[in-house]
Amino acid sequence: MNKAEFIDAVAAKAGLSKKDTKGAVDAVLETITETLVKGDTVSFIGFGTFSTAARAARTAKVPGTDRTVDVAATTVAKFKVGKALKTAVSGK
């Protein structure tokens, strides 16, 4: 499912126009992004938690060669699945 299909599905389920739904989805994604940039977390009870994690600098080996490269330290986005979502997806 891509973003357009997601917006169509949410609009149908919520009984909203596609324009209003697109604005809401964009606002939610933008707010999550802004919160993660600040280093905070976003939690939806039962669904999951969006957070960030620091990755240290390291040396990595290029597959298929003996060459190594230095990988800079970075911050990455993480998502921890909540219990209700985990249960729903597993079918239990």
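Structure summary
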quantity	calculated
Solvent-accessible surface ranking, highest first, for Phe50, Phe6 at 1.4 angstrom	Phe6, Phe50
Gain upon complete extension [Thr87, Ala57; 0.36 nm per residue less C-alpha separation]	7.2 nm
Solvent accessible area, Å² - Thr59, 1.4 Å probe, full protein context	90
Full-extension gain in nm, Ser17 to Arg67, via 0.36 nm per residue minus C-alpha separation	12.6 nm
Cβ-defined net charge surrounding Val25, 13 Å radius [Lys, Arg +1; Asp, Glu -1]	0
For Arg67, solvent-accessible area (1.4 Å; no DNA, RNA or ligand), Å²	150
Degrees between helix 3-14 axis and first principal axis of the chain (Cα, 0 to 90, nearest 10)	30
Cβ-defined net charge surrounding Ala73, 9 Å radius [Lys, Arg +1; Asp, Glu -1]	+2
Calculated P(r) over Cα pairs in 5 Å bins from 0, in percent (choose from (i) 3, 16, 29, 29, 17, 5, 1; (ii) 3, 14, 26, 26, 19, 10, 3, 0; (iii) 3, 11, 12, 13, 18, 15, 10, 9, 6, 3, 1, 0), label	(iii)
Cβ-derived FRET efficiency at R0 22 Å, Ala24 paired with Phe47, nearest 0.05	0.85
Relative contact order of the range 43-92, defined on C-alpha pairs under 8 angstrom at six or more residues apart (%)	44
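The values are calculated or read from the model by the stated rules, or taken from the named source; none is laboratory data. Note that the coordinates shown come from a computational prediction; the quantities given were computed from them, not determined experimentally. Neighbour counts run over all protein chains shown; Cβ positions are idealised from the backbone, glycine included. These area figures cover heavy atoms from the full protein model, side chains too; ligands, DNA and RNA do not enter into them. Shrake-Rupley method; radii C 1.70, N 1.55, O 1.52, S 1.80 Å.
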